[in-house]
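Undergrad: Can you read through this structure? Questions will come right after.
What follows draws every value from the coordinates through simple rules; no lab data is involved. Since this is a predicted model, take the numbers as computed values, not measurements. When we count neighbours, we look across all protein chains shown, and the Cβ atoms used for this are built from the backbone with ideal geometry, even at glycine.
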Amino acid sequence: MERVDVAVIGAGIVGLSAAWRLARTGLDVVVLERFSLGHDRGSSHGPTRIFRFAYDDPVYVRLAQAALPLWRELEDASARALLRITGGFDVGDPMYLRACSAALRSCGATAEELTPGARRERFPWFESDDESIFSPNTGVIAANDALAAIAEVARVAGARIDEEVQSARVDVRGADRIEIVAGKREVSARRCVVAAGAWAATVLEPLGIRLPIRVTREQVFYFRAPHEIVPFIHRDRIARYGIPGDWGAPGVKVAEHGTGPQTEPDARSFDVDEPGFARVQGYVQTTLPTFDPSPIASETCLYSTTPDDGFVIDQVGPVVVASACSGHGFKFGPLVGELVASIVTGGEPAVPIKPFALRRFA
Ligand SMILES: Cc1cc2nc3c(=O)[nH]c(=O)nc-3n(C[C@H](O)[C@H](O)[C@H](O)COP(=O)(O)OP(=O)(O)OC[C@H]3O[C@@H](n4cnc5c(N)ncnc54)[C@H](O)[C@@H]3O)c2cc1C
């Protein structure tokens, strides 16, 4: 039986970030990942993700503000550029925009209201009569590169990351002991961090921990555009977003948020949902008329969405649940890792974690 301080189940952005921040404290950490690092079956793969402060809830504005310096720390530690701040705009639902402006201002962040005319002057490629707000702190994360960078700095900090090792059974043996059977391995740990993304509910259920997540298969498309863009989120009947073709992306990413079919993570298909594609293409033709509406690439990915679109970062005995998705968790990865480390070490969390308690769903 291998003995460690902390076993982390899952090597997506959340599990790797937890391993990095835990190993930095001197704890003996092992990560068990059922596939290979950077695989395309979960939620963290792909060239790009949006980073933003612009949320309608001050809890998430502050979370993003606290995440930014950790992204810079990761860039320094890995000697890689991973986050480009470009500015970006939210457009559409006036109620959301007002709440977003108020939340940003209440956290000392900037929000600039843009009339449709003012937005057309600055971003002539975006065609809509909706109001918008511009946030200078929005940017683009190099997602695939970030996964590789965090794995690297976690290993340098002493964490072991084992791939192709599926943790089949997790047994709580006491307040301070948990045993994990992973393939032919048996690991005994004082704490187990479950960062299993779309599979988290399945890993936690035998422990009597109910994590209410709905797993959906989402799809994104990459388009040719004859000019630069900035990230945008268009909140309408269906929310859509666009991300510049940075960090090796084959083109500008355009996609719907959270409209994918429900699925079982192990039974999910990789096929494009044609009606969903037709909607995105129609959107590109009307709202992004300078783009070539024939996509050059597409990708599918899993969302695990909680009933309130919020995260779960909480402890139940020796188990720490780190489920940060609902389609917007990547930007917070390193900070969620830091919060997990503070839970395990009993340290003061960088931001209050009460809003992420599991019992809010009880
Ligand atoms: C299409 C799409 C677009 C997105 N856009 C954005 C964005 O612009 N900005 C943003 O901030 N967020 C965005 N997100 C959300 C973000 O990507 C996710 O919140 C984040 O990747 C979740 O990471 P995770 O580590 O929890 O999950 P994952 O990356 O899925 O990691 C979980 C890992 O656990 C492993 N695992 C599961 N079960 C076991 C087991 N039993 N044993 C061992 N290993 C196991 C899995 O193989 C997997 O590698 C987007 C998500 C998608 C799908």
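Undergrad: Using 1/(1 + (r/R0)^6) with R0 = 56 angstrom and r between the beta carbons of Asp129 and Val181, what's the FRET efficiency to the nearest 0.05?
TA: The pair Asp129/Val181 has a calculated efficiency of 0.45.
Undergrad: How much of the DSSP beta bridge set in the range 2-361 is antiparallel, as a percent to the nearest 5?
TA: The answer is about 70 percent antiparallel.
Undergrad: Given the rule -39500 (n - 2.57) for each run of at least 4 DSSP H residues, summed and divided by the residues of the chain, what is its mean residue ellipticity at 222 nm, to the nearest 500 deg cm²/dmol?
TA: Value at 222 nm, helices only, nearest 500: -8500 deg cm²/dmol.
Undergrad: OK, next. Please return the longest stretch of the chain lacking exposed loop sites, where trypsin sites (Lys or Arg not before Pro) count only if DSSP places them in a loop and at most 13 other Cβ atoms lie within 10 Å.
TA: Within the chain, the longest run free of exposed trypsin sites (Lys or Arg not before Pro) spans 1-183.
Undergrad: FRET efficiency for Ser294 and Ala81, Cβ-Cβ distance as r, R0 = 45 Å, nearest 0.05?
TA: Result of the calculation: an efficiency of 0.90.
Undergrad: What order do you get for His257, His234 when you list them from fewest to most C-beta neighbours inside 10 Å?
TA: Fewest-to-most ranking of His257, His234: His257, His234.
Undergrad: OK, next. Multiply the residue separation of Phe270 and Arg210 by 0.36 nm, subtract the distance between their alpha-carbon atoms, and state the gained length in nm to one decimal.
TA: Working it through step by step, the gained length comes to 18.8 nm.
Undergrad: Tell me, rounded to the nearest percent, the portion of alpha carbon pairs in the chain spaced more than 33 Å apart.
TA: Counting pairs separated by more than 33 Å, the tail of P(r) holds 27 percent.
Undergrad: Just how large is the dipole of the range 2-361 about the Cα centre, in debye to the nearest 20, putting +1 at every Lys and Arg Cβ and -1 at every Asp and Glu Cβ?
TA: 700 debye
Undergrad: If you don't mind, another one. Defining a contact as two alpha carbons under 8 Å apart and six or more residues distant in sequence, what relative contact order in percent does the chain show?
TA: Normalised by residue count, the contact order of the chain is 24 percent.
Undergrad: Compute the length gained on full extension between His227 and Ser106: take 0.36 nm times their separation in residues and subtract their Cα-Cα distance, giving the result in nm to one decimal.
TA: Extra length from His227 to Ser106 when fully extended: 40.1 nm.
Undergrad: Among Phe311, Phe123, which comes first, then next, by fewest other beta-carbon atoms within 10 Å?
TA: Neighbour counts put them in this order, fewest first: Phe123, Phe311.
Undergrad: What FRET efficiency, computed as 1/(1 + (r/R0)^6) with R0 = 56 Å and r the Cβ-Cβ distance, is obtained for Thr25 and Thr286, rounded to the nearest 0.05?
TA: Between Thr25 and Thr286 the formula returns 0.65.
Undergrad: Starting from the Cα of Asp40, move 7 Å in the Cα-to-Cβ direction to define the label point; list residues of the range 233-264 whose amide nitrogen is under 13 Å from there.
TA: In the range 233-264, the label zone of Asp40 (backbone N under 13 Å from the point 7 Å along Cα→Cβ) covers 250.
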